[in-house]
Amino acid sequence: MSHPVSEGGQSGPRFIGSFRISARVGKVAYRLDFPDELSEIHNTFHVSQLRKCVANDSTVIPLDDMQVDERLNYVERPIVILDRKTKALRNKLVNLVKVQWQHWKVFECTWEPEDEMREHYPDLFAAANFEDEV
C-alpha cells in the first residue's frame with residue numbers, strides 16, 4: 001500500500017490515502033486503486049511520489065474532509081497562527097509566522113512569510129492579535 005503525494009497549502013508535500021497498488025507500470029511507476037470519490041484524479045504515480053504505508057489512523061486524512069482545487073491539487077488550510085518572529089537576511093528583515101495547518105499535528109507547524117499569509121488568509125490575524133506588535 002502507498003500514499004500518493006499531494007501538494008498542500010504553502011508547506012509542501014502531504015500524503016493522503018492509503019491505497020492498494022493495482023499494477024506496476026514500467027520500471028518506475030505504479031497504478032493505485034482509488035475509491036470513486038477520487039475518480040477524476042490520475043491514478044498512476046512515479047515511485048518518488050509514493051511512500052510505504054505504515055498503518056496509523058492519525059496520519060490518514062479522511063476523504064470526506066479532503067478539499068481539491070481546480071487543478072486537482074490537495075488543499076491544506078491554515079487554522080491558527082501560533083507565534084511570530086523576524087528573520088534577518090543579508091539586506092532585509094523578514095517577518096515570519098508559525099502556522100498550524102488543518103490535519104497536521106502541532107509539532108508539524110511551519111514558519112511562513114507573514115506578508116504572504118496576510119494576503120491569502122487575513123482572517124487568521126484577527127484571532128492572532130499581532131496587529132499591535134512593533
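Just so you know, all these numbers are worked out from the coordinates, no wet-lab data involved. For clarity, every value in this text was computed on a predicted model and none was experimentally measured. Counting neighbours? That spans all protein chains shown, and the Cβs are built from the backbone with ideal geometry, glycine included.
By a straight-distance test (C-alpha under 23 Å), which lysines pair with Lys98 as possible cross-link partners, with residues fewer than eight away in the same chain excluded?
Straight-distance partners of Lys98: Lys85, Lys87.
Per 0.36 nm of contour for each residue apart, how much would the distance between Trp111 and Asn95 grow if the chain were fully extended, relative to their Cα-Cα spacing?
Working: separation 16, 0.36 × 16 = 5.76 nm, distance 0.97 nm.
Result for the pair: 4.8 nm of gain on full extension.
Determine, for each peptide in 114-120, 89-95, 76-82, 20-26, the mean count of other beta carbons within 10 angstrom over its residues, then list the peptides with the highest first.
Numbers: 114-120: 13.9, 89-95: 8.4, 76-82: 16.9, 20-26: 11.4.
Going by the mean number of other Cβ atoms within 10 Å, highest first, we get 76-82, 114-120, 20-26, 89-95.
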